[in-house]
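FYI, it's all coordinate maths here, none of it is from the lab. All figures in this text were calculated on a predicted structure; none of them were measured in a lab. No Cβ is skipped: glycine too gets one built from the backbone with ideal geometry, and neighbour counts run over all protein chains shown.
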Amino acid sequence: MEVALDDGTLARSDRFMVAVCTCRRSRSYPWCDTSHRPRARDGASPEGRSLR
């Protein structure tokens, strides 16, 4: 997959599946690395969170 960036450069990925970042928080922009997802607070475990 190739994506043309605003400055005219091409970003290329040879991976089988890619996600394009639209929030621009990704360290590997233009590819999404899920940086937009909220982080758990220090000491909080994922098991303790409610799924409701």
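Which residues, counting only those in region 1-19, are assigned to a loop (DSSP other than H, G, I, E, B) and out of contact with any Ser or Thr (no Cβ under 7 Å at 6 or more places or on another chain)? Break it down stepwise before answering.
Step one: filter region 1-19 for residues assigned to a loop (DSSP other than H, G, I, E, B), giving 1, 5-9, 13-19.
Result: Leu5, Asp6, Asp7, Gly8, Thr9, Ser13, Asp14, Arg15, Phe16, Met17, Val18, Ala19.
Working only within region 20-40, note down all residues that are in a loop (DSSP other than H, G, I, E, B) and surrounded by 13 or more Cβ atoms within 10 Å (Cβ to Cβ).
Cys21, Arg25, Ser26, Tyr29, Pro30, Cys32, Asp33, Ser35
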